[in-house]
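A short write-up of the structure that comes next.
The values are calculated or read from the model by the stated rules, or taken from the named source; none is laboratory data. Predicted model only: the values in this text are computed from it and were never measured. When we count neighbours, we look across all protein chains shown, and the Cβ atoms used for this are built from the backbone with ideal geometry, even at glycine. For the accessible areas, the whole protein counts, side chains as well, though only heavy atoms, and no ligand, DNA or RNA atoms are used. Shrake-Rupley method; radii C 1.70, N 1.55, O 1.52, S 1.80 Å.
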Amino acid sequence: LAKTTQPISMDSYEGQEVNITCSHNNIATNDYITWYQQFPSQGPRFIIQGYKTKVTNEVASLFIPADRKSSTLSLPRVSLSDTAVYYCLVGDVRNDYKLSFGAGTTVTVRA
Amino acid sequence: GAGVSQSPSNKVTEKGKDVELRCDPISGHTALYWYRQSLGQGLEFLIYFQGNSAPDKSGLPSDRFSAERTGGSVSTLTIQRTQQEDSAVYLCASSLALNRGQRAYEQYFGPGTRLTVT
């Protein structure tokens with residue numbers, strides 16, 4: 001797994017867009033970028049995964065620049081229920097099934 | 001459909017006792033994983049099952065830890081002679097078979113079992 005760096009915490013208010021940037025300078029050619037979300041007292045939940053450019057689903061968008069050395073998870077119009085820890089992972093999703101999370105980014109959404 | 005379930009949700013045990021943690025994966029998911037997550041720590045891989053076999057046990061921290069899976073479904077993680085450092089949340093995840101194009105990072109987690117060893 002490539003090493004990743006992301007902010008420890010971010011604060012936001014309801015209705016705002018939250019952008020979490022993850023740095024992964026040593027990303028390899030076969031590596032994908034994956035984000036998980038974890039609420040207190042729950043298991044992690046897969047949010048989104050991408051290789052390059054932009055990926056969007058019903059939960060979030062993932063922006064990946066051409067050099068792939070960083071990525072940004074964008075949560076549109078957050079609500080209080082989006083308060084959670086968000087983890088960025090980088091690795092070869094074809095083979096490397098051993099997920100490994102660091103501290104993640106604790107996002108706190110306030111009313 | 002039903003997600004991954006784990007039982008018990010909480011377990012308090014005395015040091016030296018054995019414990020069994022159960023995981024019921026999503027129906028049809030042939031790959032099953034055990035992890036543990038300690039307070040303030042990240043996620044630690046323990047073991048991976050494909051069907052009933054465990055091709056990767058590399059994350060089990062000691063021979064006090066063992067796991068089995070029967071019928072390609074339910075899995076049990078057993079910790080013998082528990083120690084205080086075993087206290088953690090034990091998470092189970094499942095996914096479709098990796099050799100069927102499933103991306104390894106898309107795993108579905110249960111709620112975990114919080115183990116406290118006193």
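Checking the stated criteria, residue B:74 turns out to be farther than 25 Å from residue A:35 by Cβ and touching a strand residue (DSSP E or B) at 6+ places or on another chain (Cβ under 8 Å). Taking the criterion of being loosely packed, with under 15 Cβ neighbours inside 10 Å, away from every other protein chain (no Cβ under 11 Å), in contact (Cβ under 8 Å) with a residue 40 or more places away in the chain and touching an Asp or Glu at 6+ places or on another chain (Cβ under 7 Å), would at least one residue in the range A:99-107 satisfy it? The answer is no; no qualifying residue exists. Residues that are in contact (Cβ under 8 Å) with a residue 60 or more places away in the chain and in a strand (DSSP E or B) were ranked within the range B:68-97; the one that is nearest to residue A:95 (Cα to Cα) is B:95. When the residues of the range A:19-65 are filtered to those that are within 19 Å of residue A:101 (Cβ to Cβ) and of a type in the set (Val, Ile, Thr), the one that is most open to solvent (accessible area, probe 1.4 Å) is A:21. Taking the range B:38-62 as the range and being within 13 Å of residue B:86 (Cβ to Cβ) and at pLDDT 90 or above as the test, the residues that pass are B:44, B:46, B:60, B:61, B:62. Within the range B:25-46, the residues that satisfy the criterion of being over 28 Å from residue A:8 (Cα atoms) and either within 13 Å of chain A (Cβ to nearest Cβ) or surrounded by 16 or more Cβ atoms within 10 Å (Cβ to Cβ) (or both) are B:25, B:26, B:29, B:30, B:31, B:32. Is it the case that some residue within the range B:73-93 is open to solvent by less than 30 Å² (accessible area, probe 1.4 Å), of a type outside the set (A, V, I, L, M) and within 12 Å of chain A (Cβ to nearest Cβ)? Yes.
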